[in-house]
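Accompanying notes for the structure given below.
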Amino acid sequence: MVRQENCIDTMIPPHAPRLAGRRFVPAIVTVVRTVVDTLMLWQHRSNERKHLAEMDERMLRDIGMTTAQVRWEAAKPFWRV
């Protein structure tokens, strides 16, 4: 009697959908990774814009930005570049 190992390949039914010759589960992992990466990018943008909005006039001059530019950048939604 052959003992099956408890791994991901043995848990996927043979009739599971395939994407580009691969099993469906790795495709889901890729989608989840992409979603998590996107959420982390959005969080980073939000934090950067918040910190930018908190800078005083001297700091803004140091980085070459005006208050109008900062207001415009800080007003952008987190998903917009």
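The values are calculated or read from the model by the stated rules, or taken from the named source; none is laboratory data. Just so you know, these numbers come straight off a predicted model, no measurement behind them. Cβ coordinates were reconstructed from backbone atoms using ideal geometry, including for glycine residues, and neighbour counts include every protein chain displayed.
Some values worked out for this structure:
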| item | result |
| --- | --- |
| Segment 5-17 - residue that is outside any helix (DSSP H, G or I) and either of a type in the set (D, E) or surrounded by fewer than 11 Cβ atoms within 10 Å (Cβ to Cβ) (or both) and, of those, modelled with the highest pLDDT | H15 |
| Answer residue from segment 53-81, given it is in a loop (DSSP other than H, G, I, E, B) and surrounded by 11 or more Cβ atoms within 10 Å (Cβ to Cβ) and is farthest from the chain's Cα centre (by Cα) among those | T66 |
| In segment 19-52, residue modelled with the highest pLDDT [restricted to those that are among the basic types (K, R) and outside any helix (DSSP H, G or I)] | R23 |
| First in segment 22-45 and under 22 Å from P77 (Cα atoms), second anywhere and surrounded by 11 or more Cβ atoms within 10 Å (Cβ to Cβ), Cβ under 8 Å, 6 or more apart | W42/F78; Q43/F78; R45/F78 |
| First in segment 51-64 and closer than 17 Å to F78 by Cα and touching a residue at least 12 places away in the same chain (Cβ under 8 Å), second anywhere and of a type in the set (K, R) and surrounded by 10 or more Cβ atoms within 10 Å (Cβ to Cβ), Cβ under 8 Å, 6 or more apart | A53/R71 |
